[in-house]
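The values are calculated or read from the model by the stated rules, or taken from the named source; none is laboratory data. For clarity, every value in this text was computed on a predicted model and none was experimentally measured. Please note: Cβ atoms are built from the backbone with ideal geometry, for glycine as well, and neighbour counts cover all protein chains shown. All accessible areas refer to the heavy atoms of the entire protein, side chains included, with ligands and DNA or RNA removed. Shrake-Rupley method; radii C 1.70, N 1.55, O 1.52, S 1.80 Å.
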Amino acid sequence: SLFSRHRQAADTAVIGPLPSPRLVFDNNSSLKCTIIDIFAGNRPGLLYAITGALVELSLSVQLAKISTYGNTVVDVFYVTESDGRKLEDADRLRFVEHELKQRIDSFIRGGLHSVVI
């Protein structure tokens, strides 16, 4: 609760406003995995929220590259379905994108206490 009370003031005072999250899906750059690039505001616990969402979506992370640039993170996940296939179904891709964006937005607005696992 202490973190929650002071987080918003600290975020804007130290690192400025957080950018809106953006997700990019790539099925062409890897033979075996779907690549998900996530650009979002830097916040302690964001990676936990993202990986929790990936687990709930039954995605297997084969490789992750995590980078921070000032108040922005660029997290890249090489993922497969639980059976080892790429995410190729258009409806499934839209659903995964929607769920990840919703989880990131919820986390940015509410912090760790908003993450339901």
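One residue stands out in the range 82-97 among those that are of a type in the set (D, E, K, R) and closer than 20 Å to Leu31 by Cα: the one that is surrounded by the fewest Cβ atoms within 10 Å (Cβ to Cβ), namely Asp83. Within the range 61-81, if we keep just the residues that are in contact with a strand residue (DSSP E or B) (Cβ under 6 Å, 6 or more places away or on another chain), open to solvent by 40 Å² or more (accessible area, probe 1.4 Å) and not aliphatic (A, V, I, L, M), the residue that is nearest to Asn28 (Cα to Cα) turns out to be Tyr78.
Listed by first and then second residue, the pairs linking a residue in the range 44-58 that is on the phi > 0 side of the Ramachandran plot to a residue that is small (Gly, Ala, Ser), with Cβ atoms under 8 Å apart and 6 or more places separating them unless they lie on different chains, are Gly45/Gly111; Ser58/Ser82. When the range 84-117 is limited to residues that are more than 18 Å from Ile35 (Cβ to Cβ) and not in a helix (DSSP H, G or I), the one that is modelled with the lowest pLDDT turns out to be Ile117. Taking each residue of the range 84-99 that is under 14 Å from Leu57 (Cβ atoms) and looking for partners that are in a helix (DSSP H, G or I) and open to solvent by 90 Å² or more (accessible area, probe 1.4 Å) with beta-carbon atoms closer than 8 Å, six or more apart or interchain, yields Glu99/Glu56. Checking the structure you have, find out if any residue of the range 15-25 is at pLDDT 95 or above, open to solvent by less than 30 Å² (accessible area, probe 1.4 Å) and small (Gly, Ala, Ser). No, because not a single residue in the range 15-25 is at pLDDT 95 or above, open to solvent by less than 30 Å² (accessible area, probe 1.4 Å) and small (Gly, Ala, Ser).
Please tell me if Leu31 is open to solvent by 80 Å² or more (accessible area, probe 1.4 Å) and in a loop (DSSP other than H, G, I, E, B). The answer is yes for Leu31.
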